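Participant: Quick one: the structure is below, questions incoming.
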Amino acid sequence: MDLALRVPIADQRPRALLHGDFDGRQRPSFIVNVQKCKLICYAVMKLLCILFFLMVPCLLAKDPVYVVLWFDTEDYVDPISDDAALRIANDLTKLNVRATFKLVGERARVLEKRNRVDVIRALSHHNIGYHSNWHSVQPVPAVYLKQLGMLEGEQEFERRELAGALDVKRIFGMMPICYGQPGSSWAPQTYPALRHMGIPVYLDDGSQIGLDDQPFWYDGILTIFNLGQYAIRPDLDHEQENPAIYRKFAADAGKLADNGGGVISTYFHPTEFVHTEFWDAANFKDGEVRERGAWVLPHRRTPAEAERCFRILKEYVEQAQRTPGVQFVTAQDLLQLYRSPIPPPLAKEKAARYLKQQITFARTDAGDWSAADLLLAVLGLPPQVVDGPTARGATTYASATIPGWLFERSRKDAISFINAHHRLPSQVFVGAATLSLADFAATAAAQVLSPGPVLVEHGQIGFEKYISTDPKGAFSWPIHPKGFAAPELLDLARLQAWTLKPARFK
Ligand SMILES: [Zn+2]
């Protein structure tokens, strides 16, 4: 039908006054405009509603909270620990949770000898890490590394520990993704050795080094260590404590979710579920050495007690799974969730401003730079992983200024050293005298900011506060010889902290 035929007589006006057809009727322009306004308002309201509903999840969304659940799988003395590891791995698989099992080399070899294919297969559904070759048989890592410098120590760690990592690789079909020291036997020489061995993550707990209770990069290794309040685990022996621990878990997860997300670290040893004492404390206390034939079995829990422990782990995992925004991750997952240790490029002048203020890492929204990264940028070197210096160099250069041509020679020498060794020099020569690395870095930064006569600056190091100052307490472990302290290892750790910086999610 022709719509024009339906136009009422009263509305029969000159075409110019009509504003087009609407619902079969021609209307005056002001009526049509009102109608149009209503339509626009309706559309805008509808759009706002859609936007609101789209934004609700964003407003409610919190930053991610990841729980890394790991098991130091180390008891090669009592075969009942094989069954404990099997049970835990299977329970977690049923709960759809992947954990990280850090195996001692001898533990893996013993599984192979006992033909526990079932255990090897069950653990292989999870991540496989490494937990040293012999764990508690002397000398343990901090004991044999204490007297060694960075370079010798790196080689010695690899000489003693690589074989065990390769055994784990042979038996489980994959190179371990992470390493963690036995007990508190931590040492900085481990880090460059791990990089060389192809193990990219350090996963453990301890107090030698830590950065704001969250993961960090140290010597190019993603380090999940010393998470402080975010190291949470249920109590296997005092079950009545667990409701409070679960409440703390929820509160801490909420705190992380409100502050950019983060990691909660939870760890056990399969042996804890079936023994009332540690297998190594029963045999190797206070540095004791004992022939294999003389090893004794640790005291076992009753089957009912063991069942209670397995149940507590299951309950802990289930309460974590019920906590909004929380998910379980492996060491491998964390490696993928965090940005690379290679920082984005940084303008020379910006890097110089950070270093001139204080020699420490820079944490910004655009990226994070360790003191080493900043020095590389000041020197015009591309971002890359380098080791820290091997010694605390000294400044022997006595004048307050350095001729421009002479400092340029020092700068080129430092660049050449870094390119040759992928390591920062301990000091940089200025003629026959030296500048400590900190003074060289501060002087080079000042020179970038105000070219001209080179004034010797004294660098203020800010990153050493992240290393423990308690050489006895930090290495306290029943297996270390009585009274063991390793101030030398903490000194080396301070030097390697040139490479320290926070880890940041992608
Ligand atoms: Zn251990």
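Just so you know, all these numbers are worked out from the coordinates, no wet-lab data involved. Everything numeric in this text was worked out from a predicted model, so none of it was measured. Note that we place each Cβ from the backbone using ideal geometry, even for glycine, and neighbour counts take in every protein chain shown.
Participant: Between ARG409 and LEU95, what length in nm is gained on full extension when 0.36 nm per residue of separation is reduced by their alpha carbon distance?
Facilitator: 106.8 nm
Participant: Next up: Can you give the convex hull volume of the alpha carbon atoms of region 228-347 per residue, in Å³?
Facilitator: Enclosed volume per residue, from the Cα hull, is 190 Å³.
Participant: Can you list the aspartates and glutamates whose alpha carbon sits under 15 Å from that of LYS350, skipping same-chain ones fewer than 8 residues off?
Facilitator: Hits, sequence-local ones excluded: ASP365, ASP368, ASP373.
Participant: Sticking with this one: Which length gain, in nm to one decimal place, applies between ASP237 and ARG322 when the Cα-Cα distance is subtracted from 0.36 nm times their residue separation?
Facilitator: Between ASP237 and ARG322, full extension yields an extra 28.3 nm.
Participant: Next up: Considering amide H positions built from the backbone, and no H for Pro or chain starts, which residues 5 or more places from SER468, or on another chain, come under 5 Å of its amide H?
Facilitator: Answer set, sorted by chain and number: ILE209.
Participant: Excluding residues on the same chain fewer than 8 positions from LYS506, give the lysines whose Cα lies under 16 Å from its Cα.
Facilitator: LYS62
Participant: Here is a further query. Once the Cα atoms of helix 80-94 and of the chain are each reduced to a long axis, what angle between those two axes, in degrees from 0 to 90 to the nearest 10, is obtained?
Facilitator: 10
Participant: Another question about this same structure. Under the rule of -39500 (n - 2.57) per DSSP H run of 4 or more residues, summed and divided by the residues of the chain, what mean residue ellipticity at 222 nm is obtained, to the nearest 500 deg cm²/dmol?
Facilitator: -13000 deg cm²/dmol
Participant: On to the next question. Take region 245-306, drop everything but the C-alpha atoms, weight them equally and run the Debye formula without solvent; then report log10 I(q)/I(0) at 0.15 Å⁻¹ to two decimals.
Facilitator: Those come out to -0.68, one per q.
Participant: Taking the 0 to 90 degree range and rounding to the nearest ten, how far is the long axis of helix 303-322 tilted relative to the main principal axis of the chain, both from C-alpha atoms?
Facilitator: 30
Participant: Quick one: in region 419-506, what % of C-alpha pairs are over 20 Å apart?
Facilitator: 55
Participant: Here's a follow-up. I need THR469, THR73 ordered by Cβ neighbour count within 10 Å, fewest first.
Facilitator: Taking fewest neighbouring Cβ atoms as first place, the list is THR469, THR73.
Participant: Now, a different point. Please say if region 352-506 is rounded, prolate or oblate, where rounded means a/c under 1.5 for a ≥ b ≥ c the square roots of the C-alpha gyration tensor eigenvalues, and otherwise the choice is prolate for a/b larger than b/c and oblate otherwise?
Facilitator: Prolate is the answer for region 352-506, as a/c is 1.5 or above and a/b outweighs b/c.
Participant: Charges at C-beta only: +1 for Lys and Arg, -1 for Asp and Glu. How large is the resulting dipole of the chain about its Cα centre, in Debye rounded to 20?
Facilitator: Approximately 1980 debye in magnitude.
Participant: Given the pairs LYS472/LYS501; LYS248/LYS482; LYS94/LYS285; LYS248/LYS465, which are separated by over 30 angstrom at their Cα positions?
Facilitator: LYS248/LYS482; LYS94/LYS285
Participant: Sticking with this one: In whole Hz and in residue order, list the ³J(HN,Hα) couplings for region 447-452 that follow from phi through the Karplus curve 6.51 cos²θ - 1.76 cosθ + 1.60, θ = phi - 60°; x for Gly and Pro.
Facilitator: Computed from phi, the couplings for region 447-452 are 5, 5, 6, 9, x, x Hz.
Participant: Okay, next question. Of the options VAL67, ALA347, VAL317, report the single residue whose Cα projects farthest towards the positive end of the charge dipole of the chain (beta-carbon charges: Lys, Arg +1; Asp, Glu -1).
Facilitator: Working it through, the farthest residue towards the positive pole turns out to be ALA347.
Participant: What are the extents of the Cα atoms of the chain along their three principal axes, in Å, largest first?
Facilitator: 115, 78, 39
Participant: Could you work out how far helix 29-60 tilts from the main Cα principal axis of the chain, as a 0 to 90 degree angle to the nearest 10?
Facilitator: The angle comes out at about 10 degrees.
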